[in-house]
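The values are calculated or read from the model by the stated rules, or taken from the named source; none is laboratory data. Please read these numbers as outputs of a predicted model, since none were measured by experiment. Note that each Cβ is placed from the backbone with ideal geometry, even for glycine, and that neighbours are counted across all protein chains shown.
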Amino acid sequence: MDVQERIKQQVTSHPVVLYMKGSPSFPQCGFSANAVRILNALGVKEFFSVDVLQDAEIRQGIKDYANWPTIPQLYINGEFVGGSDIMTEMYQSGELQKLLQA
Amino acid sequence: MVTPESIKHNIEQGMPVAYLSVTGDGAHFEAVVVSEEFAGKSRVQRHQRVYQTLGDRMREEIHALSMKTFTPQEWQEIQ
């Protein structure tokens with residue numbers, strides 16, 4: 001299976017998927033830490049996280065998947081939502097909570 | 001080293017901007033981009049537009065660029 005297929009499978013088989021550097025308990029970058037903090041603050045206890053530092057193929061492939069060159073990347077129900085900045089804005093405006101409840 | 005000026009230059013060359021500021025310390029950068037082009041676009045599309053002006057620099061050199069995007073009207077409202 002090629003990397004784009006692998007990513008597609010990951011984002012469509014879990015409701016909430018976060019591609020990040022490090023793990024939710026030990027994020028390896030401030031932006032990834034911010035993304036985890038937001039999900040935790042919204043009460044999302046269970047989400048599927050992928051540590052791109054552990055998978056070089058995904059680390060490159062994820063940049064093409066949503067035409068988005070940076071990490072973290074949040075997917076909800078298979079749709080790309082955004083990175084750390086967008087998650088912050090959507091959290092502050094209440095949009096992210098709505099999206100998670102839908 | 002990546003400078004805020006070089007990032008600013010790429011964005012200015014790549015799209016019309018009404019206001020643009022880029023600050024940073026060589027590792028982490030923050031940009032505020034105000035452009036008419038953002039009208040009617042989602043947040044994701046806006047960021048993609050700015051990333052486009054930076055091309056491969058986003059993948060290779062620039063590891064941390066945080067940004068806020070506004071249309072001129074949105075920008076005026078928060079001033």
Enumeration of residues in the stretch B:26-39 that are closer than 17 Å to A:E89 by Cβ and either in a strand (DSSP E or B) or modelled with pLDDT under 95 (or both) | B:E30, B:A31, B:V32, B:V33, B:V34
Taking the stretch B:15-39 and keeping only residues that are of a type outside the set (F, W, Y), surrounded by 15 or more Cβ atoms within 10 Å (Cβ to Cβ) and more than 10 Å from the chain's Cα centre (by Cα), one is left with B:A18, B:G24, B:E37
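Might you let me know whether the stretch A:55-73 holds any residue that is in contact (Cβ under 8 Å) with a residue 40 or more places away in the chain, of a type in the set (F, W, Y) and out of contact with any Pro (no Cβ under 9 Å at 6 or more places or on another chain)?
So the first thing to find is which residues in the stretch A:55-73 are in contact (Cβ under 8 Å) with a residue 40 or more places away in the chain, and the list is A:57-58, A:60-62, A:64-65, A:71-73.
Right, trim to of a type in the set (F, W, Y) and you get A:65.
Then drop every residue that is not out of contact with any Pro (no Cβ under 9 Å at 6 or more places or on another chain), which leaves A:65.
For the stretch A:55-73, residues in contact (Cβ under 8 Å) with a residue 40 or more places away in the chain, of a type in the set (F, W, Y) and out of contact with any Pro (no Cβ under 9 Å at 6 or more places or on another chain): present.
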When you look at A:Q97, is it in a helix (DSSP H, G or I), in contact (Cβ under 8 Å) with a residue 12 or more places away in the chain and within 11 Å of another protein chain (Cβ to nearest Cβ), yes or no?
-> no
Name the one entry in A:R6, A:R59 that is in a helix (DSSP H, G or I), surrounded by 15 or more Cβ atoms within 10 Å (Cβ to Cβ) and more than 14 Å from chain B (Cβ to nearest Cβ).
-> A:R6
Given the conditions (1) assigned to a loop (DSSP other than H, G, I, E, B); (2) over 26 Å from B:T53 (Cβ atoms); (3) within 14 Å of chain B (Cβ to nearest Cβ), which single one is not true for A:K45?
-> (3)
Could you tell me whether A:I71 is buried (at least 19 other Cβ atoms within 10 Å of the Cβ) and more than 26 Å from B:E30 (Cβ to Cβ)?
-> no
Consider B:R49 carefully, then state whether it is farther than 26 Å from A:E95 by Cβ and either touching a residue at least 24 places away in the same chain (Cβ under 8 Å) or aromatic (F, W, Y) (or both).
-> no
